[in-house]
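Computed from the coordinates by the stated procedures, all read-outs in this text should not be read as laboratory data. Remember, it's a predicted structure, so these values are computed and weren't measured experimentally. Methodologically, a virtual Cβ is constructed for each residue, glycine included, from the backbone with ideal geometry; neighbour enumeration extends over all protein chains shown.
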Amino acid sequence: MNSSPEAALNVHNLGVIFRDASGVVHALHDLTFSLPPNGFVALIGPSGCGKSTLLRVLAGLVSPTAGTVRYNTAQPRIGMVFQKANLMPWRRVIDNISLPLELKRLPRSEILARAQDLIRLVGLEGFERAYPRDLSGGMAQRVAIARALMQDPDILLLDEPFGALDALTRERMGDELLHIWHAHQKTVVLVTHSIPEAVYLSDRILALSARPGSIILDMPVDLARPRTPEMRYSKTFQQLTHQLRDTLQEANGLVT
């Protein structure tokens, strides 16, 4: 994807180098791509290739060593969801979701109305007063997604949000995520290690090489929307997963 003035964001010649206990780490090298408004893009690649680092750069949490990230608004609202829900155990569901707007000191009535709307959206009616300890892994991630949506972000960044879930719950959460995306039409960037998940959820897939991560494939996903579970067995779905798997294996030797 080349630079575009209409894009939600443009990344140009992005590189990231940092130091850790083992020395200098070249995390990302010369990434250039654009994200369309309201698009759903998946990032996939081997462990340690810089996918999470890239997400943190897009979120403004890590500064690039080289290149630029430009958004189509001066101060974009960005929501982020991690693999672990990271809920505050002493706060109930509705209070965890409400936290971003509480920090902005908005009226309590406005906060609760917004939180209740999101609770309905993610299917957690009846669990408003529950504590995180009372939730399943999938339910906790729904709370984390609702919390990320609380500020009505322009861009939603998802760092393997379903990685710790069992296979069936993971598929169900994928369908829930698509439902939320259709309802809110955000620009979504999803990091995943699952090739079928990347194909099923996204409009476009960026595959990264082993470290330093660079783009080895920019693949459109030509599947109709809305997506349905039956599509996983279609010829087009199988062709796309094979193409992605072959590219990753050829470039990296192994997909983890």
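Here are the numbers:
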quantity	calculated
Tensor-based shape of region 178-240 (alpha-carbon gyration tensor, a/c under 1.5 rounded, otherwise prolate or oblate)	oblate
Over the chain: helical MRE at 222 nm, DSSP H runs n ≥ 4 each giving -39500 (n - 2.57), nearest 500	-11000 deg cm²/dmol
Full-stretch length increase - GLN75, SER109 - with 0.36 nm per residue and alpha-carbon distance subtracted	9.6 nm
Those lysines that a straight Cα-Cα span of less than 24 Å connects to LYS235, excepting residues fewer than 8 apart in one chain	none
Lysines whose Cα lies under 30 Å from that of LYS84, excluding same-chain neighbours fewer than 8 positions away	LYS51, LYS104, LYS186
Inter-part distance where region 182-256 and region 64-143 are each reduced to a Cα centre, Å	26 Å
Length gained when the stretch VAL25-LYS84 is fully extended (0.36 nm per residue, less Cα-Cα span)	18.8 nm
Pair ARG225, ASP117: separation of 7 Å Cα→Cβ label points (nm)	2.0 nm
Point-charge dipole on Cβ atoms (K/R +1, D/E -1) for region 85-152, about Cα centre, debye to 20	160 debye
FRET efficiency, 1/(1 + (r/R0)^6) with R0 25 Å, evaluated for ASP203 and ALA130 via beta carbons	0.15
